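**Student:** Here it is, the structure in full.
All of the numbers you see were taken from the coordinates with simple rules; none came from a lab. Quick caveat: nothing in here was measured; it's all calculated off a predicted structure. Cβ sites come from the backbone with ideal geometry, for glycine too, and all protein chains shown count toward neighbours.
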Amino acid sequence: MQVDGSEKTAAGSRLPGRTSQFVSGGDSMDQVFALARKIAPWNVSALITGETGTGKELIARAIHRLSPRSSNAFVAFSCANMPDTLVDDELFGHERGAFTGATSHRRGRFEAADGGTLFLDEIGDLALPLQAKLLRVLQERTFERLGSVEPVKVDVRLVSATHRNVLEMVKQGTFREDLYHRVNVVEIHLPPLRERRQGIALLANHFLEESAKEFGRPPMQFSYPALTALEEYDWPGNVRQLENVTKRAVVLAEESTIELWHLPPALSSGFRQQGSNLYLDQVREFKRRLILRTLTECGGSRVDAARALAVSRGYLHRLIRELEIHSPDAGVELDGDGADNQDLDPSPGERKEK
């Protein structure tokens, strides 16, 4: 299915519902949005491909919300890293006495999704015998629970996802070709985050807003170096990793601004190594001089300096350590922090500068 250019969204648009993680950052995501909207009203199977963490389930949920089935259930199940017998039971259910421990009747995911949408994540991990059973369900719209010969009729729209190259698996004989054509009526490919860098800032700010609300923090923002580091990172874990990094930064930040040092070392150190030292060094030097001047004006008192700078004392202490600031007056007591006085003595080089 081709994407009609008339369906292309404007930059910054998003699918309705909980799909704001997919902020449009260029033509590639515009096409994803357009294709999801186009196929949603039609009862066709879709295969969503892409690296782990790109948000394939969120696109599946968006397709469901935009479909005539939206008032019915959306049921998600991952086929990854599960024994075949357990996958069979999860998908199709069982009758009482079907196996040891089966003390009652149990509905499977197909029955739970009747009238709605079933999302099968990592369908490429499905064993060949289960692939044959799935194909039969898709063809005949019926199946039997474990321990039963009575057919169960279902009306389910299937949306699948995988990070594998299923077409290559077909060539290797590890995925049935007839099932591949059944589940892949329409393919939606999600590009990795590193290929849609224009959207990283919008995504990061969305996650920042959501995380601040989740943790009861006031509105927050990224500093320019922090945001630039996010945009320059390759994101092997894609959108999921960006969300987790943002949550981590919100937890670590004492104030309302996410700084470079609130990011994991893999991002912050990598950013410094990519030739951005000039700007960062200027920012660090500005902060260092500001804190030194304020400490001098406050007679070395961190409490008074924090008050004058309108920051918390803990945040000021952290800046002093991270910027390697030494006291402008070695003889000044720092409000009960006598243990820190030695560390804050001016170095010989600083005395010489004075």
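**Student:** Which value, in debye to the nearest 20, describes the size of the charge dipole of segment 196-275 about its Cα centre when Lys and Arg Cβ atoms bear +1, Asp and Glu Cβ atoms bear -1, and nothing else is charged?
**Tutor:** Numbers: 8 positive and 10 negative charges, 34 e Å.
Once rounded to the nearest 20, the dipole reads 160 debye.
**Student:** Related question: Return the whole-Å distance between the Cα centroid of segment 105-174 and the Cα centroid of segment 235-252.
**Tutor:** 33 Å
**Student:** A follow-up question, please. What distance in nm separates the two pseudo spin-label positions at residue 84 and residue 195, each 7 Å out from Cα along the beta-carbon direction?
**Tutor:** Each label point is offset 7 Å from its Cα along the Cβ direction, giving 3.4 nm.
**Student:** Rounded to whole Hz and in sequence order, give me ³J(HN,Hα) for segment 222-238 from the Karplus expression 6.51 cos²θ - 1.76 cosθ + 1.60, θ = phi - 60°, writing x for Gly and Pro.
**Tutor:** Whole-Hz 3J(HN,Hα) from phi for segment 222-238: 8, 6, 4, x, 5, 5, 5, 4, 4, 6, 8, 6, 7, 6, x, x, 6.
**Student:** Taking θ = phi - 60°, what integer Hz values does the Karplus form 6.51 cos²θ - 1.76 cosθ + 1.60 yield along segment 207-219, in sequence order, with x for Gly and Pro?
**Tutor:** 5, 5, 5, 5, 5, 4, 5, 4, 9, x, 9, x, x
**Student:** Once you have a ≥ b ≥ c as the square roots of the Cα gyration tensor eigenvalues for segment 112-182, tell me rounded if a/c is under 1.5, and otherwise prolate or oblate according to whether a/b is larger than b/c.
**Tutor:** Details: a/c = 2.30, a/b = 1.61, b/c = 1.43.
Verdict is prolate for segment 112-182.
**Student:** Please list, in chain and number order, the residues 5+ apart from residue 76 or on another chain whose amide H is under 5 Å from its amide H, with Hs placed from the backbone.
**Tutor:** For residue 76, whose amide H was placed from the backbone, the distant partners under 5 Å are 119.
**Student:** For segment 120-267, with the dipole built from +1 on Lys and Arg beta-carbon atoms and -1 on Asp and Glu ones, taken about the Cα centre, which of 137, 219, 156 lies farthest toward the positive end?
**Tutor:** The listed residue farthest towards the positive side: 137.
**Student:** Turning to a different aspect of this structure: Could you order peptides 234-243, 119-128, 311-320, 284-293 by the average number of other Cβ atoms within 10 Å of their residues, highest first?
**Tutor:** 119-128, 234-243, 311-320, 284-293
**Student:** Something else about it: Is there a quick way to get the dipole size of segment 88-187? I mean about its Cα centre, with the Cβ of Lys and Arg at +1 and of Asp and Glu at -1; what is the value in debye to the nearest 20? Before the final figure, lay out each step's value.
**Tutor:** Details: 14 positive and 17 negative charges, 29 e Å.
Charge dipole of segment 88-187: 140 debye, to the nearest 20.
**Student:** Roughly how many nanometres apart are two label points built 7 Å out from the Cα toward the Cβ at residue 168 and residue 307?
**Tutor:** Once both label points are built, they end up 6.5 nm from each other.
**Student:** Sticking with this structure for a sec: Tally Lys/Arg at +1 and Asp/Glu at -1 over every other residue whose Cβ is under 12 Å from the Cβ of residue 108; what's the total? Could you put the intermediate results ahead of the total?
**Tutor:** Numbers: positive: 106, 107, 109, 133, 145; negative: 88, 89, 90, 95, 111, 114, 144.
Combined, the nearby Lys, Arg, Asp and Glu give -2.
**Student:** Next question, about the same structure. Along segment 50-57, what does the Karplus equation 6.51 cos²θ - 1.76 cosθ + 1.60 (θ = phi - 60°) give for ³J(HN,Hα), rounded to whole Hz, x for Gly and Pro?
**Tutor:** Calculated HN-Hα couplings, in order: x, 5, 4, x, 7, x, 5, 5 Hz.
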